[in-house]
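First comes the structure, then the notes that go with it.
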Amino acid sequence: MRSPLLAIIAAAAACVLFTGTAHAGTAAAPFKPVLTKNAIYKTGKIGLEQCAEQPVQRDDLDGARVYLEFLVDCLNTAWSEQVTKAGFTFSKPKLEVIAKPGAPTACGSFPEGAQAIYCPKNSKITFLLNPGILAEPTELFLMEVIAHEYGHHVQNLTGMLKVVDDLRGKSKARVYDESRRVELQAECLSGAFIGRVWHSLGRRDFDFKYIVEVAQDGFDYSTHGKASNIAWWLKHGFDAESPGACNTWSAPKARVA
């Protein structure tokens, strides 16, 4: 879990991505090809190059909701092409906006400390528009968080979450390792989308550098990775503008610690 402005799914990792109980495993088995050699990595740069941000004012929950809805439309357009090109069936995720934690979701109550969660059971993103994030609506936090959660939807559509969610024979260390790779990959996919549409946003370079710095200065988490790695994958995706840069399953352990 990171600071409220960039908390992604932290407190919900166990209930959202891992719905069973880990067992004591023996030697770690290699990751399956659906993770290491997924066809999504070979789809090239994201096709969509423009996304219009909607105006949003400080402390304006309805305005932020509309902003997110428009971003999801852009994300649908961008990732539908990539997912289809990879040979998978595309479907749109649902989006729900809430004003406080504790709301029911198909993956349990919305957890304290999370900004947004993605539930693969019903392909739904639930986004908490609390005072912290509404206080800085013109920063990139709204875009980065929704693009991260959409990254989990891409993982779900391409068969990755199904493999990760199967805890049979996995040690606790393996579960944490897979959780970090899932989260860091979603961070990279978020960066890839932002990087691809960046020049259409009319923003200053500082705007992206700022969220990278916030990530870099954040906390280290066993489920999400070190702050330095979170920042690295976000920028790595941004620079590449492609899911091909986001194969965390083949990355060295130091990069997914």
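The values are calculated or read from the model by the stated rules, or taken from the named source; none is laboratory data. Note that this is a predicted model, so its numbers are computed, not measured. When we count neighbours, we look across all protein chains shown, and the Cβ atoms used for this are built from the backbone with ideal geometry, even at glycine.
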Exercise. Mind checking whether some residue in the stretch 62-80 is modelled with pLDDT of 95 or more, assigned to a strand (DSSP E or B) and under 16 Å from the mean Cα position of the chain (by Cα)?
Worked result: no
For this session: Give the residue, chosen from Ala99, Ala64, Ala106, Ala116, that is more than 16 Å from Ile133 (Cα to Cα) and not hydroxyl-bearing (Ser, Thr, Tyr).
Result: Ala106
Problem set entry | Pairs, first within 16 Å of Gly44 (Cβ to Cβ) in the stretch 220-248, second crowded, with 24+ Cβ neighbours inside 10 Å and of a type in the set (S, T, N, Q), C-beta under 7 Å, six or more apart | Gly237/Ser190; Pro243/Gln82; Cys246/Gln185
Problem set entry | Identity of the residue in the stretch 119-138, within 10 Å of Arg58 (Cβ to Cβ) and of a type in the set (A, V, I, L, M), that ends up nearest to the chain's Cα centre (by Cα) | Leu134
Exercise. Condition test on Phe219, is it more than 25 Å from Thr36 (Cβ to Cβ), part of a helix (DSSP H, G or I) and touching a helix residue (DSSP H, G or I) at 6+ places or on another chain (Cβ under 7 Å)?
Worked result: no
Seminar exercise, completed: Note on the stretch 137-175: residues of a type in the set (Ser, Thr, Tyr) and either free of Cβ contacts under 8 Å to residues at least 12 places away in the same chain or out of contact with any Leu (no Cβ under 8 Å at 6 or more places or on another chain) (or both) are Thr138, Thr158, Ser171
For this session: Hey, could you check the stretch 58-75 for residues that are surrounded by 15 or more Cβ atoms within 10 Å (Cβ to Cβ) and in contact with a Pro (Cβ under 8 Å, 6 or more places away or on another chain) and say which is farthest from Ala147 (Cα to Cα)?
Result: Asp60
For this session: Please enumerate the residues belonging to the stretch 77-133 that are buried (at least 17 other Cβ atoms within 10 Å of the Cβ) and hydroxyl-bearing (Ser, Thr, Tyr).
Result: Thr105, Tyr118, Thr126
For this session: Give just the number: which of (1) surrounded by fewer than 17 Cβ atoms within 10 Å (Cβ to Cβ); (2) in contact with a Gly (Cβ under 7 Å, 6 or more places away or on another chain) does Lys209 not satisfy?
Result: (2)
For this session: Return the only residue of Val145, Val83, Val164, Val182 being hydrophobic (A, V, I, L, M, F, W, C), assigned to a helix (DSSP H, G or I) and modelled with pLDDT under 95.
Result: Val164
